[in-house]
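The values are calculated or read from the model by the stated rules, or taken from the named source; none is laboratory data. The model shown is predicted, which means the values in this text are computed figures rather than measured ones. So basically every Cβ, Gly included, is an ideal-geometry build from the backbone, and we count neighbours across all protein chains shown.
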Amino acid sequence: MKTVSVYLKHILEACEKVEMMVQDLDKEDFMDKDWITREAILRQLEIIGEAVKRIPNEFKLKYSEVSWKDISGMRDYLVHEYFAVNYEMAWETAISDIPKLKKKIVEIALKENIKISLIP
């Protein structure tokens with residue numbers, strides 16, 4: 001059984017990958033042209049949501065300032081409604097929510113004495 005630290009590391013790694021992918025990407029390319037990067041970003045959002053689902057509820061209650069339910073809901077939406085994904089919402093999540101989530105996960109890891117390494 002994996003520990004919370006493993007899931008937090010998975011979330012952090014996926015956040016970093018999303019940040020790297022959107023760094024030189026504009027909204028128009030995300031929406032219309034660069035479907036490969038768009039699909040890669042969606043996959044990382046799925047990974048984040050799946051990792052969140054596996055974190056024990058007690059831990060989520062301890063850090064209730066994180067929108068755990070919304071994050072896992074995004075995963076469910078991406079997986080089960082794959083044929084009708086709202087790319088506008090995915091873009092906003094990638095550029096606005098992911099940096100905030102990354103910051104929060106780093107703070108939690110520090111509080112929990114979980115060793116993390118950021119992608120250089």
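Of all residues in the range 58-71, those that are closer than 16 Å to GLU107 by Cβ have Cβ atoms under 9 Å from Cβ atoms of residues that are at pLDDT 95 or above and assigned to a loop (DSSP other than H, G, I, E, B), 6 or more apart or on another chain, in LYS60/VAL66; TRP68/ILE55.
Please enumerate the residues belonging to the range 99-114 that are surrounded by fewer than 12 Cβ atoms within 10 Å (Cβ to Cβ) and either among the hydrophobic types (A, V, I, L, M, F, W, C) or in contact with a Leu (Cβ under 7 Å, 6 or more places away or on another chain) (or both). Walk me through it before giving the result.
Within the range 99-114, the subset surrounded by fewer than 12 Cβ atoms within 10 Å (Cβ to Cβ) is 103, 110-111, 113.
Residue satisfying the conditions is LEU110 alone.
Kindly indicate whether any position in the range 4-23 is among the aromatic types (Phe, Trp, Tyr), surrounded by 19 or more Cβ atoms within 10 Å (Cβ to Cβ) and either out of contact with any helix residue (DSSP H, G or I) (no Cβ under 8 Å at 6 or more places or on another chain) or in a helix (DSSP H, G or I) (or both). Outline the logic, then answer.
So the first thing to find is which residues in the range 4-23 are among the aromatic types (Phe, Trp, Tyr), and the list is 7.
Checking the rest, the ones that are also surrounded by 19 or more Cβ atoms within 10 Å (Cβ to Cβ) come to 7.
Next, only the ones that are either out of contact with any helix residue (DSSP H, G or I) (no Cβ under 8 Å at 6 or more places or on another chain) or in a helix (DSSP H, G or I) (or both) stay: 7.
Checking the range 4-23: at least one residue is among the aromatic types (Phe, Trp, Tyr), surrounded by 19 or more Cβ atoms within 10 Å (Cβ to Cβ) and either out of contact with any helix residue (DSSP H, G or I) (no Cβ under 8 Å at 6 or more places or on another chain) or in a helix (DSSP H, G or I) (or both).
Taken together, SER117, SER96, SER72 contain a single residue that is part of a helix (DSSP H, G or I), loosely packed, with under 14 Cβ neighbours inside 10 Å and polar (S, T, N, Q), which is SER96.
Evaluated against (1) in contact with a helix residue (DSSP H, G or I) (Cβ under 9 Å, 6 or more places away or on another chain); (2) among the acidic types (Asp, Glu); (3) closer than 25 Å to HIS80 by Cα, GLU39 falls short on exactly one condition, (1).
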